[in-house]
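Below: one structure, written as structure tokens.
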Amino acid sequence: MIPEELHKQGNEGEKAEKIVFDLLKSFGEQRNEPMFVVHSYNFKERISEVKSNFVSSKKWNIGEHDFVLVHRQVGFVFLQVKASVKTAKTYAKAQKQIDKDRDAMKFYLEEVGIPKHEISKTVVDKLFSRFPGFVVMPNCPRPDSSVSTHADGIFQEDCASVEAFARWWDRSIARSDHGQKEELFNLLVTR
């Protein structure tokens, strides 16, 4: 876990993140998962240079990763935590944040993280399109599946215990196509 401990628990958002932090830490330790978890990392990545009429400006992707799991077999898993007890607008907003998370990490690796001769830009693009992102709502019961399309959600039932989370993980996280993902993991660990 990076950081190793999480002490802040002031507002509802911080309390929800603490639930997820403790859950991930216990899950990783109990199952000996080959991963490390980065919590609350601020990013600011220049994603492009915009040029028009001889004027150049930078376009930035700015935000905060709630949780990024870097797993030896799975690759990256992005988690956005929301304290809300209802899914409505909160869920869609979190999904947009996950897209920003994915883009920020991809651009970081393209710019400074991994030399082009080690993994090509095409391979990085392909990998990142498959890395999963999930909205975590530890205070919200799972919406009725007959009217909901929140398959990429982690809800109150999934956060109730390490065992419940492990069942969610086994059901939701695919462990296929490990080759390039493990290579990416090894490169990140050595940096």
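Taking R0 as 35 Å, what FRET efficiency do you get between E29 and Q95 from their Cβ-Cβ distance, rounded to the nearest 0.05? Walk me through the intermediate numbers first.
On the way: r = 29 Å, r/R0 = 0.83.
About 0.75, to the nearest 0.05.
If I take R0 = 35 Å and measure r between the Cβ atoms of R130 and V85 in this structure, what FRET efficiency does the formula 1/(1 + (r/R0)^6) give, to the nearest 0.05?
Values: r = 31 Å, r/R0 = 0.89.
After rounding to 0.05, the efficiency reads 0.65.
How long is the gain from S172 to R142 if the chain were fully straight, where each residue apart is worth 0.36 nm and the alpha carbon distance is subtracted? Could the numbers behind the result be given before it?
Values: separation 30, 0.36 × 30 = 10.80 nm, distance 1.47 nm.
Once the chain is fully extended between S172 and R142, it gains 9.3 nm.
With a 1.4 Å probe and all protein chains kept in place, how much accessible area does S172 have, in Å² rounded to the nearest 10?
Its accessible surface works out to 40 Å², give or take rounding.
What nm distance separates the two modelled labels at A164 and F36, each placed 7 Å from Cα along Cα→Cβ?
3.1 nm
In nm, to one decimal, how far is the H7 label point from the R72 one, both placed 7 Å along Cα→Cβ?
According to this spin-label approximation, the distance is 3.2 nm.
The values are calculated or read from the model by the stated rules, or taken from the named source; none is laboratory data. Model, not experiment: these values are computed from the prediction. Heads up, the Cβs are rebuilt from the backbone with ideal geometry, glycines too, and the neighbour counts pull from every protein chain shown. These area figures cover heavy atoms from the full protein model, side chains too; ligands, DNA and RNA do not enter into them. Shrake-Rupley method; radii C 1.70, N 1.55, O 1.52, S 1.80 Å.
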